[in-house]
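Report on one structure; see the data block that follows.
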DNA sequence: AAACCAAATATTGTCGACACATTTAGAGTT
DNA sequence: AACTCTAAATGTGTCGACAATATTTGGTTT
């Protein structure tokens with residue numbers, strides 16, 4: 001019910017050095033450029049990026065808050081080591097949060113947003129027919145879809161938790177474990193059902209379907225990792 | 001199913017200056033000592049605490065990550081302003097996360113932990129009979145109870161999200177809005193039902209009851225705030 | 001007096017340097 | 001050769017100073 005200005009652009013657009021550093025490092029870590037589990041040397045990184053240690057430390061602090069690095073006093077920071085257990089934990093949190101997001105989206109998304117999401121989903125459908133088995137587009141599409149629903153919840157806390165924290169960690173796992181979904185068709189169907197529930201403004205059903213969708217995805221990941 | 005050492009105390013116990021600063025400031029903000037919405041002046045705070053601005057800035061960074069302050073480049077940091085809408089958002093996130101925590105606790109808590117929780121709950125029952133209407137102990141007790149269940153989920157992500165981030169924000173609202181529950185008896189009953197479900201190892205029921213419990217709590221808060 | 005502009009002041013962003021802790025390298029003993 | 005102890009070297013925690021950006025002050029114009 002809260003109305004927000006279509007152009008709420010009263011934020012200053014100033015990008016600080018620490019901001020850029022943070023973005024750069026986050027990308028490097030997520031994409032495995034800086035190896036998982038490796039130690040982060042402040043002097044070395046500072047020199048590489050031509051920046052002072054102070055700014056770097058602030059950036060590392062943010063990375064720590066997003067659980068991409070772990071820090072121990074006087075010992076320094078290490079990139080988190082990915083583990084099967086932690087991945088399961090993330091999926092459990094995702095199930096809870098995105099389930100709630102879907103519930104809220106069914107209540108709070110505008111008709112226009114729903115229509116746009118429908119359009120997006122149709123595009124995905126066509127892409128799946130064209131590139132049969134190519135998983136890259138689907139993964140991207142999957143993320144887009146979830147992203148929009150989370151935004152549609154209109155709950156800023158939820159949005160921050162998912163889009164700022166969890167999704168980056170998830171992307172990190174995808175990169176490093178090379179997770180490709182073998183079930184693009186089924187995922188597409190599940191997205192379709194979910195969108196129907198949202199269109200029908202049925203919060204209960206939307207949450208249920210989202211949780212099932214994420215559980216399926218998790219089971220898929222479990223199978224894939226046990227194969228290796 | 002993951003077993004963890006009973007004494008996993010391989011962390012260094014070194015407390016850095018920034019750590020202490022962070023704890024102090026967090027407490028000051030939560031308890032309203034530093035007024036909600038007020039600007040945080042780095043030079044002034046640094047002088048007050050006899051510490052350099054660098055350390056202070058790291059502490060402020062952590063406060064920002066926990067959403068206790070908001071920072072804008074070149075403009076500085078302000079303590080978050082509490083709003084009714086944001087409180088509702090927090091309760092929605094809580095419902096999702098703690099619901100999942102209860103579900104997992106029903107699966108993962110040890111029999112011993114469950115027994116201890118039972119003992120704790122019995123104490124609460126006696127306190128309610130003794131101090132009829134005094135809400136302070138109940139609030140503390142309510143937090144204890146929820147805290148233990150979250151720990152019982154054994155999901156470190158979940159634990160971090162709730163105990164490190166959300167609960168402090170919640171306590172801030174309690175302090176500043178002077179939220180006292182007028183339903184200590186009912187809350188106690190709900191805790192009882194929930195613990196029964198956990199004892200019975202019924203995850204589905206545990207999640208359901210926890211979500212209802214939090215929804216009731218939220219409705220209570222809504223009524224209370226609309227009265228003023 | 002209200003509104004605008006410019007200099008002065010204060011605050012934040014960034015940096016380099018020092019103090020202390022940890023790790024590594026090397027000498028000495030068995 | 002393996003071990004222990006000490007000293008050098010490296011790395012993190014903390015600080016004070018400078019540069020760039022906001023805010024305030026005070027004067028000028030209408």
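Since every read-out is calculated from the coordinates, none of them should be taken as a lab result. Note that this is a predicted model, so its numbers are computed, not measured. Neighbour counts are summed over all protein chains in view; Cβ atoms, including those assigned to glycine, are modelled from backbone coordinates with ideal geometry.
With just the Cα atoms defining each centre, how far is segment B:29-55 from segment B:63-135? Give it in Å.
25 Å
Let a ≥ b ≥ c be the square roots of the eigenvalues of the Cα gyration tensor of segment B:101-209; is it rounded (a/c under 1.5), or, if not, prolate (a/b larger than b/c) or oblate?
Because a/c hits 1.5 or more and a/b fails to exceed b/c, segment B:101-209 counts as oblate.
Only counting other Cβ atoms within 10 Å, I'd like B:191, A:168 sorted with the fewest neighbours first. Each step should come with its number before you reach the end.
Values: B:191 23, A:168 17.
So the residues, fewest neighbours to most, are A:168, B:191.
Just to confirm my numbers, what's the Cα centroid distance between segment A:209-226 and segment B:179-203 in Å?
31 Å
Report the label-to-label distance for residue A:122 and residue A:180 in nanometres (one decimal), using points 7 Å from each Cα along the Cα→Cβ vector.
3.0 nm
Can you list the copy-to-copy distances for residue A:144, using a point 7 angstrom from Cα toward Cβ, in nanometres, shortest first?
Between copies, matching label points for residue A:144 lie 5.3 nm apart.
By counting other Cβ atoms within 10 Å of each Cβ, how are A:150, B:13, A:79 ranked from fewest to most?
Details: A:150 25, B:13 6, A:79 21.
Listed from fewest to most nearby Cβ atoms, that is B:13, A:79, A:150.
From the label point of residue B:39, set 7 Å from Cα along Cα→Cβ, how far away are the matching label points in the other copies, in nm, ordered shortest to longest?
Relative to the other copies, residue B:39 has label-point distances of 4.3 nm.
Copy-to-copy spacing for residue B:27, label 7 Å out on the Cα-to-C-beta vector, in nm, shortest first?
Here residue B:27 shows inter-copy label distances of 4.3 nm.
Can you compute the helix-only [θ] at 222 nm over chain A? Use -39500 (n - 2.57) per DSSP H run of at least 4 residues, normalise by all residues, nearest 500 deg cm²/dmol.
Working: 10 runs with 152 residues, N = 228.
Rounded to the nearest 500, it is -22000 deg cm²/dmol.
What full-extension length gain, to one decimal in nm, is calculated for residue B:31 and residue B:171 as 0.36 nm per residue of separation minus the Cα-Cα distance?
Details: separation 140, 0.36 × 140 = 50.40 nm, distance 0.79 nm.
Full extension of this stretch gives 49.6 nm more.
Computed over the Cα atoms of segment B:6-79, what is the convex hull's projected area averaged over all directions, in nm²?
6.1 nm²
Let a ≥ b ≥ c be the square roots of the eigenvalues of the Cα gyration tensor of segment B:71-162; is it rounded (a/c under 1.5), or, if not, prolate (a/b larger than b/c) or oblate?
Details: a/c = 2.76, a/b = 1.45, b/c = 1.90.
Oblate shape, in that a/c is at least 1.5 and b/c is the bigger or equal ratio.
Just check the protein assembly as shown against the gyration tensor rule for me: Cα atoms, a ≥ b ≥ c as the square roots of the eigenvalues, rounded for a/c under 1.5, and otherwise prolate or oblate depending on whether a/b exceeds b/c. The partial results should precede the final answer.
Values: a/c = 1.36, a/b = 1.05, b/c = 1.29.
Verdict is rounded for the protein assembly as shown.
Given points 7 Å out from each Cα along the Cα-Cβ axis, report the residue A:107 to residue B:39 separation in nanometres with one decimal.
Modelled inter-label distance: 3.7 nm.
Given springs between every Cα pair under 10 Å in a Gaussian network model of chain B, which of B:68, B:169, B:143 has the largest fluctuation?
Among B:68, B:169, B:143, the largest GNM mean-square fluctuation belongs to B:143.
Against the longest principal axis of chain A, how steep is helix A:53-65, in degrees 0 to 90 to the nearest 10, with axes from Cα atoms?
Between the helix axis and the principal axis of chain A, the angle is about 30 degrees.
Hey, what angle do you get for helix A:167-177 against the long axis of chain A, alpha-carbon based, 0 to 90 degrees rounded to 10?
80 degrees
Just subtract the alpha-carbon distance of residue A:19 and residue A:219 from 0.36 nm times their residue separation and send over the number in nm, one decimal.
68.4 nm
Mind pulling the angle between the C-alpha long axis of helix B:84-108 and the longest principal axis of chain B? Nearest 10 degrees, somewhere in 0 to 90.
For helix B:84-108, the angle is close to 50 degrees.
7 Å from Cα along Cα→Cβ at both residue B:81 and residue B:140: what's the point-to-point distance in nm?
Each label point is offset 7 Å from its Cα along the Cβ direction, giving 3.4 nm.
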